[in-house]
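Worksheet: one structure, shown below.
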Amino acid sequence: MSTIANFKRPRVKSDGHLDFIRSLPCCVCGNDIQTEAAHIRTGDLFYGKRPTGMGEKSSDRWAVPLCGAHHREQHNGNERAFWKHHDLNPFLLALVLVACEGDFATALLVLKQHRNSGHD
């Protein structure tokens, strides 16, 4: 068994990226009032995201925009089931939003396409 998968890296913080995420509409419903930066807690090593343990927060690159109601729903139960129910791939979305950080117009198009396409 490899210990590499369990190796914890320090959390990388980016206030600028979180501000960018909060400037966007909710990735689930499109609500653009008081969007919150929701950190993805579950993991998927295909995307380079390890699971986050209790009392630990993911690096800020793993944040996506959610309205308050959907952010609470994300943390209320099984997070994988939450994303599957809404037919969204949070890992892909987070990585794309990191790539287009600062480009608000492109991020809006990405969110709209992601909501309408349903990615696995």
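The values are calculated or read from the model by the stated rules, or taken from the named source; none is laboratory data. Owing to the predicted nature of the structure, the values given are computational and were not obtained by experimental measurement. Every residue, glycine as well, gets a Cβ built from its backbone with ideal geometry; the counts of neighbours run over all protein chains shown.
Answer yes or no as to whether T42 is more than 16 Å from R115 (Cα to Cα), part of a loop (DSSP other than H, G, I, E, B), in contact with a helix residue (DSSP H, G or I) (Cβ under 7 Å, 6 or more places away or on another chain) and not charged (D, E, K, R). Judged against the criteria, T42 is a match. Taking residues in segment 87-105 that are within 18 Å of S14 (Cα to Cα) and without any contact (Cβ under 8 Å) to a residue 40 or more places away in the chain, and partners anywhere that are surrounded by 15 or more Cβ atoms within 10 Å (Cβ to Cβ) and among the small types (G, A, S), the pairs with Cβ atoms closer than 7 Å and at least 6 places apart or on different chains are C100/A107.
To keep it simple, each residue is scored yes or no on (1) more than 19 Å from P25 (Cβ to Cβ); (2) among the hydroxyl-bearing types (S, T, Y); (3) touching a Pro at 6+ places or on another chain (Cβ under 7 Å).
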| position | (1), (2), (3) |
| --- | --- |
| F46 | yes, no, no |
| K49 | yes, no, no |
| P65 | no, no, yes |
| N76 | yes, no, no |
| A81 | yes, no, no |
| N89 | no, no, no |
| F104 | no, no, no |
| R115 | no, no, no |
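Which of the residues spanning segment 48-102 are in a loop (DSSP other than H, G, I, E, B), of a type outside the set (D, E) and surrounded by 15 or more Cβ atoms within 10 Å (Cβ to Cβ)? Once the filter is applied, which keeps residues that are in a loop (DSSP other than H, G, I, E, B), of a type outside the set (D, E) and surrounded by 15 or more Cβ atoms within 10 Å (Cβ to Cβ), segment 48-102 yields R50, P51, T52, S58, S59, C67, H86, L88, N89, C100. Just to be sure before I move on: is L66 of a type outside the set (S, T, Y), closer than 25 Å to D15 by Cβ and at pLDDT 95 or above in the structure I sent? Considered against the rule, which asks whether it is of a type outside the set (S, T, Y), closer than 25 Å to D15 by Cβ and at pLDDT 95 or above, L66 comes out as yes.
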